[in-house]
Amino acid sequence: MSFLLSHPVFIFVFGGLIILSLTYTLYRLFPSRKTPKYIPSFICLVFEIYLVVHAFPFISRGWEGMGYLMLSIANFFILLAGFISAKVFEHKQDYS
């Protein structure tokens, strides 16, 4: 069971579920405002920049930089999921 939870796919699944639930919660808490829905994506963007900046000095030294780069790629897809869900909720709000 612990092997399944350490599989890299679960980073995408759990990260996506967390950012989708945060975006939906902010959408339900602030239905008339557009900006709070983008807060989880903005936090992921800040973390993404941190990972990319932190990865480049280590890339030539071994596997540590590659680890940061792989986390950065996973975080990028989670960032996209949050941004797309915020846009979908905004579009849903405009037409309801």
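Structure data summary
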read-out	value
Residue list for the range 18-65, restricted to those being closer than 18 Å to residue 85 by Cβ and assigned to a loop (DSSP other than H, G, I, E, B)	30, 31, 33, 34
Search result, residues across the range 24-51 that are within 12 Å of residue 89 (Cβ to Cβ), without any contact (Cβ under 8 Å) to a residue 60 or more places away in the chain and surrounded by 12 or more Cβ atoms within 10 Å (Cβ to Cβ)	25, 26, 30, 34, 36, 37, 38, 40, 41
Qualifying residue in the range 13-23 (condition: modelled with pLDDT under 80, in contact with a Gly (Cβ under 7 Å, 6 or more places away or on another chain) and either loosely packed, with under 14 Cβ neighbours inside 10 Å or of a type in the set (A, V, I, L, M) (or both))	no
Identity of the residue in the range 52-85, surrounded by 13 or more Cβ atoms within 10 Å (Cβ to Cβ) and of a type in the set (Ser, Thr, Tyr), that ends up nearest to residue 18 (Cα to Cα)	85
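The values are calculated or read from the model by the stated rules, or taken from the named source; none is laboratory data. It should be emphasised that the depicted structure is a prediction, and the values quoted were computed from it without experimental measurement. Glycine also receives a Cβ, built like all others from the backbone with ideal geometry; neighbour counts cover every protein chain displayed.
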